[in-house]
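A.B. asks: Pasting a structure below so you can have a look.
The values are calculated or read from the model by the stated rules, or taken from the named source; none is laboratory data. Note that the structure is predicted; figures quoted are calculated from it, not measured. Counting neighbours? That spans all protein chains shown, and the Cβs are built from the backbone with ideal geometry, glycine included.
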Amino acid sequence: MHSMSEPVVFENVTKIFWGSKRVVRALDNASFKIPSKTVAGLLGPNGSGKTTSFKLVMGFLKPSSGKVSVFGVDPWVRGESVRRRIGYLPEKPVYPDVPVYRYLRYVAKVRNASEEDVSRIVRLVGLSGYVWMNTRGLSRGYLQRLGLAQALIGDPELLLLDEPTANLDPLSRREILELIKDLKKELGITIVIATHILPELQEVVDYLLYINRGRVVESGMLEELATRYYVDAYYYIEVEEPRKLASRLVVEDYVRGVEIRDKSLVVRINAAFKEELLRVLSLPEYSIGIRRVEMLTSELGELYEKLSGSSR
Ligand SMILES: Nc1ncnc2c1ncn2[C@@H]1O[C@H](COP(=O)(O)OP(=O)(O)OP(=O)(O)O)[C@@H](O)[C@H]1O
Ligand SMILES: [Mg+2]
């Protein structure tokens, strides 16, 4: 059973690669759903089945058994119609050796996008100075930008990014990360990111899927997993008198740290004690001055360690 609202649904999916010497179970009875309109992080050690999952979503691979549904249909059977709605940044892209603009114009034609869209996206990913260069001449970082550009053309509803910040220098990574943050604000887009760079993912992710050796170890909203695994979380609280609230909070033993800013506090707590924190905040003497409470992030690195510990 699955609802149409999740863009990606895997039901008991197994993918076996039959080599001449070795049989690899890249996915092993994997079931999961990517919730609509979230940024989902696909995590797992090398060789755990992340790229294979993307290829199954794209309909490039046929599952050995089980069922893959993308927008409610089987991408292996209806690949063309499914792929029109997906932007995919592959792990190891291969481009025809033509000038960048010619390649992107070709992509735009296939995906019913306009010349203006191409120019806008070229600027967005920082490829402007490179449109006349043959793809062969691009450095790895610029190839990565080209990969992002072709994925973004045609307003995809689902964006699959296989290591989007790989090969980028620190400033470029920042730019791409900010770009993903902007995309996140766009209505109706679901983004799945496979990456090993947790501090970056932490800034954008809502939902996590952790796989190991082709098996789904854990999945859920970040906040829910942080709570379940007793990971620290940071809460941002906008408040009239931050000092007064801070002195009340520091006596709670689940509070790991309090940072006072101008008219706000950042409180680090064990995520499992969120309700306790909210209870204190709702007390009349504090609640009056509070204007906003928001979870900033959880410690994704800490969560990852716990998840990989539980799958050994
Ligand atoms: N075409 C193929 N033929 C044979 N084995 C394959 C093929 N594609 C993937 N595999 C194997 O399937 C397993 C999962 O690979 P996959 O590329 O999905 O992992 P990954 O999670 O993306 O890893 P990484 O983090 O290193 O990118 C690996 O053992 C890999 O060697
Ligand atoms: Mg991979």
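A.B. asks: Mind listing whichever residues of segment 33-70 are on the phi > 0 side of the Ramachandran plot and within 16 Å of ligand 2 (Cβ to nearest atom)? Don't jump to the end; show me each part of the working.
C.D. replies: Residues of segment 33-70 that are on the phi > 0 side of the Ramachandran plot, as a first pass: 37, 44, 47, 49, 59, 66.
Once the filter is applied, which keeps residues that are on the phi > 0 side of the Ramachandran plot and within 16 Å of ligand 2 (Cβ to nearest atom), segment 33-70 yields GLY44, GLY47, GLY49.
A.B. asks: Wholly within segment 193-259, which strands (runs of 3 or more DSSP E) include no fewer than the required count, namely at least 2 residues that are more than 20 Å from GLU294 (Cβ to Cβ)? Give the derivation first.
C.D. replies: Numbers: elements: 207-212, 215-221, 232-239.
Hits in segment 193-259: 207-212, 215-221.
A.B. asks: If you don't mind, there's one more thing I want to ask. ALA194 - would you say it is buried (at least 17 other Cβ atoms within 10 Å of the Cβ) and under 18 Å from ARG84 (Cα atoms)?
C.D. replies: Details: buried (at least 17 other Cβ atoms within 10 Å of the Cβ): yes; under 18 Å from ARG84 (Cα atoms): no.
The answer is no for ALA194.
A.B. asks: Turning to a different aspect of this structure: Can you pull out the residues in segment 77-107 that are in contact with a helix residue (DSSP H, G or I) (Cβ under 8 Å, 6 or more places away or on another chain) and assigned to a loop (DSSP other than H, G, I, E, B)?
C.D. replies: If the condition is that a residue be in contact with a helix residue (DSSP H, G or I) (Cβ under 8 Å, 6 or more places away or on another chain) and assigned to a loop (DSSP other than H, G, I, E, B), then PRO90, GLU91, PRO93, TYR95, PRO96, ASP97, VAL98 are the ones that fit.
A.B. asks: In segment 167-192, what count of residues is obtained for those that are in a helix (DSSP H, G or I) and over 18 Å from LYS50 (Cβ atoms)?
C.D. replies: As a first pass, look at segment 167-192 and keep what is in a helix (DSSP H, G or I): 170-185.
Keeping just the survivors that are over 18 Å from LYS50 (Cβ atoms) gives 170-179, 181-185.
The qualifying residues number 15.
A.B. asks: Here is a further query. Suppose we filter GLY87, GLY44 for residues that are surrounded by 18 or more Cβ atoms within 10 Å (Cβ to Cβ), within 14 Å of ligand 1 (Cβ to nearest atom) and either hydroxyl-bearing (Ser, Thr, Tyr) or in the same structural domain as PRO199 (by TED's automatic domain parsing) (or both); which single one remains?
C.D. replies: Working: GLY87 fails: within 14 Å of ligand 1 (Cβ to nearest atom).
The unique qualifying residue is GLY44.
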